[in-house]
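Structure record follows, encoded as structure tokens.
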Number of protein chains: 2
Amino acid sequence: MKQAASEGTPSSISELNRSRIINFLFRNGISSRAQIAKATGLTAAAITKITARLIDFGVISETGDLEGAMNRRSIGLQFNDSRYEVIAVKFARSLVQIGIFELSGRCIKIHDFPPVNNEDVIDTVSQIKQYIKSTIAHNPAIVAVGMAVPGPYLSDEGRIISVTSMQMWKEVNFKNEFTQAFAVPTFIEHDAQSGALAQSLFGAQTDGNSLAYYLIGEGVGVGVIDNGNLVSGSRGVATEIGHLSIDINGRPCECGNVGCLERYCSTGAVKELLQEPSNRGILEDVNDLLPREACNRLFKESYAGNAEAQRIVREIARYIAYGCINIIYGYNPSQIIIGDILSEAGDTMLDEVRRIVAERVLPDLMESTTITLSDLPTDATLTGAAAVAASQFLRNPSRFVAGMDTPKR
Amino acid sequence: MKQAASEGTPSSISELNRSRIINFLFRNGISSRAQIAKATGLTAAAITKITARLIDFGVISETGDLEGAMNRRSIGLQFNDSRYEVIAVKFARSLVQIGIFELSGRCIKIHDFPPVNNEDVIDTVSQIKQYIKSTIAHNPAIVAVGMAVPGPYLSDEGRIISVTSMQMWKEVNFKNEFTQAFAVPTFIEHDAQSGALAQSLFGAQTDGNSLAYYLIGEGVGVGVIDNGNLVSGSRGVATEIGHLSIDINGRPCECGNVGCLERYCSTGAVKELLQEPSNRGILEDVNDLLPREACNRLFKESYAGNAEAQRIVREIARYIAYGCINIIYGYNPSQIIIGDILSEAGDTMLDEVRRIVAERVLPDLMESTTITLSDLPTDATLTGAAAVAASQFLRNPSRFVAGMDTPKR
């Protein structure tokens, strides 16, 4: 919204106002024109004019009467967000998932691709293209494609510059491969930043103004919304908290730095920890497991009351907490929402994280920062890919509704 | 524009357009109406109307003819930024400075207060008030007061929550003390964030869109401008990089955390380093010096070619570099500008910082991030306090020019 405002040519001002009305209805549900006027500061005349056009194009519609102040009745308006659908693609090293979502965030369908090895990457890219093309051809409700990719991702060039343990993804230029490939526009974002957008748009407990989505899975990253804006950096590589060093004398990382957080609490780090001689009793077949599987099994043991498994979960939680402290001093969000594979460690992890953060962060800041687990019904990165597309619709609706930006005669 | 006026809140859209024109002139110097139209996307008619009003109120004025494209001549417009002055106040633990600046960033006068001890804080606050009141009373050009305070500073409440080595400042509520105290509005910002604003508004080598001002003095912090916005956090405490831990097993900090960057490269840390037995030969009277003085003397020795002094400078530079790496992965700015006391270590420090960053950061990111020393003519935090006030004028000019926001009949 802010960004749009600074552009403000007359035609974009009407687009800006349209975006503000749709955003308000998206966030607040059925509302009267008077409620919209109060919240946006637009005049009644302007709202009548803009909503008439949005109704003509089917973007919003009138519902029955609403009970208003002093028993006055007024007509409700709703955004038809289930009328528009987006394709969401999650790239996560060996895992590629495609989902179909309504613009409301509701997931309609998920398709898992077979696990990807380094040598399958190029093939997988063309299979993804085929799948998306055929989906769009059969489903006219689809208005955009959103993609979430692991970082560090250079959004200007369209490529990932380092993927621990899966280097072939570096060879793919996502921008060149995908942005012009389909009949609808495609948008690509870093996975943790996508997750932050998902929390902001679809999360239950946020006003979308200040939050950090802390992704802890095969990689570690954070997406930050500060004062309503995604913190992105000059090339899209900001908030790469997995490569902030927590120990200048620590473990070397493939990125060239040492002591990167990702070396201590990603799924790979958990597997390494379980492989240490003193921990070998917990999962005897750990060597045969994928890092993701090792985590799932560990958490299952922890839930079942295995004290040794719980000890490991708390040890990992300590590192997760160090990341939280960096997020608090680095970005001062009002909420930290932990998601992805490690969030499945549940309360044993979360309680320990909160305890360590409380020990090390100034009380004023601790009290004004909530730390919770993601409660999105679907994986936050896949939902994030949908949010990447949905946020573009909310910012610039005319781009997705044919004919709406042509002035009415 | 008619359309715009009927759709948006008229007063805020005209103010927004006014702000855009003044900002353009502020950043680009004397320009023609056609140049403004091209850059802002406003119509010629709108620009004629808005600039006429700004000329009426003396905010901008016409200059002689400009040489235009194809030898067509056009009238130049300039922002009269030397007509407006601001008072800038820098709070830096023992040091309080007040400056008078033109809105252009030119410093007219600096007044140093006597060094402040913990027990003088309350007295100092009332002396500052007296000084500002009297300055405003004698100088009608002053339109605002800007203040820069050490962090972590809760901007919503108006107080500092921790000041290593100078706890009494925590007792001052800056917001209550100052924002209503004067005949002109007062604005308060965290010191490193103020410095970032100064670089963005008054620095020679930036477009003001993406930069980090890395303050290394009595405290350590960073101010970040991302996509034109200051990263501030929900309570103003973002970008407190001095309290990001670089060593989870490191030195304890007064804030409650361990291994905080501030414990390794602030003036106090430099003094401690010089006090270590193996380094005692470099400054024999180090125990008698204030941390700031110890740094100045060390840097003088280093410039004079003292190899031991240079070794210490490079040791400190190593920690400064770790901070740079965190800034790059944390915020991905296109420029890092190092300022305050430690920047006086000069090229011996800067070369080592660049060397270590290049070793540890991915080449793609290293190549697109410049690291330089601040080249502002006056101290960046004092200039920053001026920038805090100036940025408010640029954003909302009518607030500072009596009568300008009243519609013309």
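The values are calculated or read from the model by the stated rules, or taken from the named source; none is laboratory data. Predicted model only: the values in this text are computed from it and were never measured. Note: ideal-geometry Cβ built from the backbone for every residue, glycine included; neighbour counts use all protein chains shown. Side chains are part of the model used for accessible areas, which takes the heavy atoms of the whole protein and leaves out ligands, DNA and RNA. Shrake-Rupley method; radii C 1.70, N 1.55, O 1.52, S 1.80 Å.
For the stretch A:181-211, a tally of residues being away from chain B (no Cβ under 12 Å), aliphatic (A, V, I, L, M) and outside any loop (DSSP other than H, G, I, E, B) returns 6.
Among the residues of the stretch A:209-219, the ones that are over 15 Å from residue B:234 (Cα atoms) and either at pLDDT 95 or above or out of contact with any helix residue (DSSP H, G or I) (no Cβ under 6 Å at 6 or more places or on another chain) (or both) come to 3 in all. The criterion of at least 3 residues that are open to solvent by 10 Å² or more (accessible area, probe 1.4 Å) and under 29 Å from residue A:132 (Cβ atoms) is met, among strands (runs of 3 or more DSSP E) falling completely within the stretch A:10-107, by A:85-92, A:95-102. For the stretch A:136-155, filtered to residues that are within 14 Å of chain B (Cβ to nearest Cβ) and small (Gly, Ala, Ser), the residue that is nearest to residue A:219 (Cα to Cα) is A:151. For the stretch B:143-155, filtering for residues that are open to solvent by less than 10 Å² (accessible area, probe 1.4 Å) and either farther than 14 Å from residue B:385 by Cα or assigned by TED's automatic domain parsing to the domain that holds residue B:238 (or both) leaves 3.
With the stretch B:337-395 as the region, which helices (runs of 4 or more DSSP H) entirely inside it contain at least 2 residues that are more than 20 Å from residue B:230 (Cβ to Cβ) and open to solvent by 10 Å² or more (accessible area, probe 1.4 Å)? So the answer is B:346-360, B:363-367. Being more than 10 Å from chain B (Cβ to nearest Cβ), in contact with a Pro (Cβ under 7 Å, 6 or more places away or on another chain) and either open to solvent by 10 Å² or more (accessible area, probe 1.4 Å) or not in a loop (DSSP other than H, G, I, E, B) (or both): is that true of residue A:223 here? Against the criterion (more than 10 Å from chain B (Cβ to nearest Cβ), in contact with a Pro (Cβ under 7 Å, 6 or more places away or on another chain) and either open to solvent by 10 Å² or more (accessible area, probe 1.4 Å) or not in a loop (DSSP other than H, G, I, E, B) (or both)), residue A:223 does not qualify.
Across the stretch B:336-361, what is the total count of residues that are out of contact with any Phe, Trp or Tyr (no Cβ under 9 Å at 6 or more places or on another chain) and within 9 Å of chain A (Cβ to nearest Cβ)? Going through the stretch B:336-361 one residue at a time, the tally reaches 1.
Checking the condition in the same structural domain as residue A:387 (by TED's automatic domain parsing) and in contact (Cβ under 8 Å) with a residue 12 or more places away in the chain, which residue from A:226, A:191 passes? So that I can check it myself, show each step before the final result.
Numbers: A:226 fails: in the same structural domain as residue A:387 (by TED's automatic domain parsing).
None of the others qualify; the one that does is A:191.
Of everything in the stretch B:309-325, what is within 14 Å of chain A (Cβ to nearest Cβ) and open to solvent by 10 Å² or more (accessible area, probe 1.4 Å)? Give them in sequence order.
B:315, B:318, B:319, B:322
The sole residue among B:314, B:355 that is at pLDDT 95 or above and touching an Asp or Glu at 6+ places or on another chain (Cβ under 6 Å) is B:314.
Residue count for the stretch B:180-195 under the criterion of being open to solvent by less than 60 Å² (accessible area, probe 1.4 Å) and more than 19 Å from the chain's Cα centre (by Cα): the result is 3. For residue A:162, are the conditions met, namely being modelled with pLDDT of 95 or more, open to solvent by less than 20 Å² (accessible area, probe 1.4 Å) and within 24 Å of residue B:364 (Cα to Cα)? Judged against the criteria, residue A:162 is not a match. In this structure, is residue B:173 over 18 Å from residue B:229 (Cβ atoms), in contact (Cβ under 8 Å) with a residue 24 or more places away in the chain and of a type in the set (S, T, N, Q)? Against the criterion (over 18 Å from residue B:229 (Cβ atoms), in contact (Cβ under 8 Å) with a residue 24 or more places away in the chain and of a type in the set (S, T, N, Q)), residue B:173 does not qualify.
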